[in-house]
Structures are given as structure tokens and as C-alpha cells.
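For reference, the structure is listed below as C-alpha cells.
Just so you know, all these numbers are worked out from the coordinates, no wet-lab data involved. As the structure is a computational prediction, the values presented were derived from the model and not from experiment. All Cβ positions, even for glycine, are placed from backbone atoms using ideal geometry, and neighbour counts span all protein chains on display.
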Amino acid sequence: MRDETQILKDYLAGLNTGNRSALAQLAVLQDWSDIAQREIERRATFFLQKLPDEVIQAIASRDIDVRSVIGEVLIS
């Protein structure tokens, strides 16, 4: 079992103990991949809100490639 799966199981077990009805509501949802993608996009939007306007403008006009910059930071 992958670590991520165990992390999820541990979290859900806690939810099952504290709020079983919430866990039951989550069980009926089907497209978790799409839901997770929307959450990633929400977090990216939250991240952008923290940046100065000039950086956001540069990203919007494609003067800055965010993925490339992230890659540079990760290898440094």
C-alpha cells in the first residue's frame, strides 16, 4: 500500500470516529479525480492571491513560466 493511501485511510478513520454521517456523504461522490483537480486549482488561485500584481501580470502575459520557475526552485 502506498503511503498516500494510508494517510487517506488514517484521516478517514478519524472522520468515521468523529463524524460518521459526513463520511457517508463523501462515500456517494464518484469523480474524486475531478474534485481533487479542482482543489489543486483552488490552491493555485490562493497562492496567486499572495503575489504582487506585477508578478501576476507577468504570469498572465506569459512573460513568466511558473512551472519552469518552480522547477528551478526545486532543483536548487
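Overview of results
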| item | result |
| --- | --- |
| Cβ-placed point charges (K, R +1; D, E -1), dipole of the chain about Cα centre in debye, nearest 20 | 320 debye |
| Global form of the chain, assessed from the alpha-carbon gyration tensor, a/c cut-off 1.5 | prolate |
| Label-point separation, Glu54 to Val28 (7 Å along Cα→Cβ), nm | 5.2 nm |
| Inter-site label distance for Glu41 and Asp10 at 7 Å from Cα along Cβ, in nm | 3.1 nm |
| Cβ-based charge dipole, the chain, positive-most Cα from Thr45, Leu29, Val55 | Leu29 |
| Cβ-defined net charge surrounding Ala36, 14 Å radius [Lys, Arg +1; Asp, Glu -1] | -2 |
